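Participant: Handing you a structure now.
The values are calculated or read from the model by the stated rules, or taken from the named source; none is laboratory data. The structure presented is a predicted model; accordingly, all values stated were derived computationally and were not measured. Cβ coordinates were reconstructed from backbone atoms using ideal geometry, including for glycine residues, and neighbour counts include every protein chain displayed.
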Amino acid sequence: MKRVKQVLLLTGALMLFSACSVEPGKSVPEEYKTGQAYFHKVCANCHGPDGQGGNKAPDLMQEKFVKENFPDYKFFRTILNGSSSGAMPSQKNRVKKDQIREIIQYIRYSQKQEGAIS
């Protein structure tokens, strides 16, 4: 019985660990890799592996999130302080300001690749 409990505990731990690990679905040019890495550390669990939405957060490739409709400063402020609706919590304890800038560059690149930005 003790062995069964150990196996179940190990299996559960492995499932939890793998569920928290979101890997990028696409490769990006070198200048966006840092932003992609930060995005996957901070954002991907909710926004999906490439920012195309997840079960908790919206698709960042939508037109409402392109630069003309959602400027960089709004992304910056939202990541740092959370959304005004409270749907997204502040990430200020998880990411530094320079890392947020890298994340935004990666999102803008991804939007362009997805055709959201012409």
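Participant: With the checklist (1) in contact (Cβ under 8 Å) with a residue 24 or more places away in the chain; (2) more than 17 Å from K26 (Cβ to Cβ); (3) of a type outside the set (K, R); (4) in a loop (DSSP other than H, G, I, E, B) in hand, flag the one item P89 doesn't pass.
Facilitator: Only one criterion is unmet by P89, namely (1).
Participant: Give just the number: which of (1) in a helix (DSSP H, G or I); (2) modelled with pLDDT of 80 or more; (3) not basic (K, R) does M15 not satisfy?
Facilitator: Going through the list (1) in a helix (DSSP H, G or I); (2) modelled with pLDDT of 80 or more; (3) not basic (K, R), M15 breaks only (2).
Participant: Continuing with this model, one more query. Please verify whether segment 35-43 includes one or more residues that are of a type in the set (D, E, K, R), over 16 Å from G25 (Cα atoms) and outside any strand (DSSP E or B).
Facilitator: Taking every residue of segment 35-43 in turn, none turns out to be of a type in the set (D, E, K, R), over 16 Å from G25 (Cα atoms) and outside any strand (DSSP E or B).
Participant: Residues being within 16 Å of A37 (Cα to Cα) and surrounded by 14 or more Cβ atoms within 10 Å (Cβ to Cβ): count how many of those fall in segment 59-118.
Facilitator: Going through segment 59-118 one residue at a time, the tally reaches 15.
Participant: Kindly establish whether Q99 is assigned to a helix (DSSP H, G or I), of a type in the set (S, T, N, Q) and modelled with pLDDT of 95 or more.
Facilitator: Spelling it out, Q99 is indeed assigned to a helix (DSSP H, G or I), of a type in the set (S, T, N, Q) and modelled with pLDDT of 95 or more.
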